[in-house]
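The values are calculated or read from the model by the stated rules, or taken from the named source; none is laboratory data. Every value quoted in this text rests on a predicted model; they were computed, and no experiment measured them. Every residue, glycine as well, gets a Cβ built from its backbone with ideal geometry; the counts of neighbours run over all protein chains shown. Note: accessible area is taken over every heavy atom of the protein model, side chains too, but ligands, DNA and RNA are not part of it. Shrake-Rupley method; radii C 1.70, N 1.55, O 1.52, S 1.80 Å.
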Amino acid sequence: VTFAAADVQAKTQGLFPAPRAILCAAVEGMQVDIDTADRIEARYLAHVATSQVAKNMISYFFQMNRLRSGESRPTGFEKSSVSRLGILGAGMMGSGIAFMAAQAGIDVFLKDLDIATAEKGKSYSDVVASKLVASGKMSEAQKVALLSRIQATGQASDLAGCDLVIEAVFEDRALKRKVTEEIDAVLADDAIFASNTSTLPITGLAQAFSRPTDFIGLHFFSPVDRMKLVEIICGKQTSDATLARAYDFVRQLGMVPIVVNDSRDFYTSR
């Protein structure tokens, strides 16, 4: 019993009351007659089933089902996918997004100030993929294929044919405006642009883009390969078509999209 209690605590960290209640009911029930044991078990069950933890878990279950059903995706638009993704900024966030996209079979162009910095960002995918190979979750051939889909670059022109470009530079308005305008000059008219900002309202950032209807927020969380939630934020002029495409992209990565209001810090950071 001592080892069982320690094992339950280690696995639940004391956050899930049901396993502990089951263990207590079993131990206490063995010390009394069957009728008393039934009452003990019923009381533990009633306590757990009516607790705030149970209510939260049930609410979370239904909320996740609504998210996965595409409830927040605008209707009337065909499902889309991204085949070429551009990422501005090869830091922690940009590198993480690049890994997830390459893992989903998307060709990625990872841009930074120079090729050396971009290659350093690409090496993050090598590290993550190597760990997956070591654990048996990915083959060596799959790793090689994944890395081949990421092209490090220091040239904005290499992103010209991208369906979507995600800006993942530092939280500096002037810098974000500079990289947005630089890529805007080479992007096709049907490409969409997203900012990975965690704090700055999308409506303001969209002013640097010539087509604000095609500008949207995609806020990933760090580390991207472990944090499956992505906030999608529409500016005042973001179109429903752009929202639908951004939503489909997040699902293409196998991640969970939530559409939140455009205000400073959005939802989760606030």
Exercise. Pick from Thr12, Thr153, Thr197: which residue has the top mean-square fluctuation in a GNM of the chain where Cα pairs under 10 Å get a spring?
Worked result: Thr12
Exercise. Around Val259, which amide H atoms from residues at least 5 apart in sequence, or from another chain, sit under 5 Å from its own amide H, with H modelled in the peptide plane?
Worked result: Ile232
Exercise. Any idea which of Ser83, Pro257, Leu45 is furthest toward the positive side of the dipole for the chain, if Lys and Arg beta-carbons carry +1 and Asp and Glu beta-carbons -1?
Worked result: Leu45
Exercise. What is the magnitude of the charge dipole of segment 68-116 about its Cα centre, with +1 placed on the Cβ of each Lys and Arg, -1 on the Cβ of each Asp and Glu, and no other charges, expressed in debye to the nearest 20?
Worked result: 180 debye
For this session: For the pairs Lys79/Lys228; Lys143/Lys178; Lys143/Lys236, note any where the Cα-Cα span goes beyond 29 Å.
Result: Lys143/Lys178; Lys143/Lys236
Problem set entry | Inter-site label distance for Lys228 and Ala241 at 7 Å from Cα along Cβ, in nm | 3.2 nm
For this session: For Leu45 and Gln207, compute 0.36 nm times the residue count separating them, minus their Cα-Cα distance, and round to one decimal in nm.
Result: 52.7 nm
Exercise. Treating the beta-carbon of each Lys and Arg as +1 and of each Asp and Glu as -1, no other charges, what is the dipole magnitude of the chain about its Cα centre, to the nearest 20 debye?
Worked result: 280 debye
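May I ask you to give the solvent-accessible area per residue for the chain, in square angstrom, as obtained with a 1.4 angstrom probe?
That works out to 54 Å² for each residue.
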Exercise. Mind checking which of Ala194, Ala90, Ala54 has the largest fluctuation in a GNM of the chain, springs on alpha carbons under 10 Å?
Worked result: Ala54
Exercise. By how many degrees, 0 to 90 and rounded to 10, does the Cα axis of helix 92-103 deviate from the longest principal axis of the chain?
Worked result: 80 degrees
Seminar exercise, completed: Note on the chain: the mean projected area of its alpha-carbon convex hull, in nm², is 18.0 nm²
Problem set entry | segment 192-270-segment 10-69 distance, computed between alpha-carbon centres (Å) | 38 Å
Exercise. So who's got an amide H within less than 5 Å of the one on Gln151, skipping anything under 5 residues away but keeping other chains? H placed 1.01 Å off N, in plane.
Worked result: Val108, Phe109, Leu110
Problem set entry | Hz values of 3J(HN,Hα) by residue in segment 161-171 - Karplus curve (6.51, -1.76, 1.60), Gly and Pro given as x | x, 6, 6, 9, 10, 10, 8, 9, 8, 4, 6
Seminar exercise, completed: Once amide hydrogens are built 1.01 Å from N within the peptide plane, the residues lying 5 or more places from Leu229 or on another chain with amide H under 5 Å from its amide H are Val256
Problem set entry | Percent RCO, i.e. relative contact order, over segment 34-123, from Cα pairs under 8 Å lying at least 6 residues apart | 22 percent
Seminar exercise, completed: For segment 63-78, in residue order, the Karplus 3J(HN,Hα) values (coefficients 6.51, -1.76, 1.60; θ = phi - 60°; whole Hz; Gly and Pro = x) are 5, 5, 5, 5, 5, 6, 7, x, 4, 8, 7, x, 8, x, 10, 5
Seminar exercise, completed: So for R0 = 30 Å, FRET eff. of Gln31-Tyr60 from the Cβ-Cβ r, to 0.05, ends up at 0.25
For this session: Measure nothing but the geometry: give the 0 to 90° angle between the long axis through the Cα atoms of 17-29 and the longest principal axis through the Cα atoms of the chain, rounded to 10°.
Result: 10 degrees
Problem set entry | Dipole axis of segment 141-270 (+1 Lys, Arg; -1 Asp, Glu on Cβ), positive-most option in Thr180, Ile216, Ala141 | Ala141
For this session: Using only Cα atoms, find the angle between the long axis of helix 173-184 and the longest principal axis of the chain, and express it within 0 to 90 degrees, rounded to the nearest 10.
Result: 60 degrees
For this session: Using only the Cα atoms, work out Rg/Rh for segment 165-222, with Rh taken as the Kirkwood radius, to two decimals.
Result: 0.92
Exercise. Which value in deg cm²/dmol, rounded to the nearest 500, describes the helix-derived mean residue ellipticity at 222 nm for the chain, given -39,500 (n - 2.57) per DSSP H run of n ≥ 4 and division by the residue count?
Worked result: -15000 deg cm²/dmol
Exercise. Per residue, what volume in Å³ does the Cα convex hull of segment 1-68 take up?
Worked result: 90 Å³
Exercise. For segment 159-270, treating each Cα as an identical point scatterer without solvent, what Debye log10 I(q)/I(0) comes out at q = 0.12, 0.16 1/Å?
Worked result: -0.35, -0.65
Seminar exercise, completed: Residue-ordered couplings for segment 43-50, obtained by feeding phi - 60° into the Karplus form 6.51 cos²θ - 1.76 cosθ + 1.60 and rounding to whole Hz (Gly and Pro as x), are 5, 4, 4, 4, 5, 5, 5, 9
Exercise. Any idea what the dipole of segment 128-270 comes to, in debye rounded to 20, about its Cα centre with Lys/Arg Cβ at +1 and Asp/Glu Cβ at -1?
Worked result: 540 debye
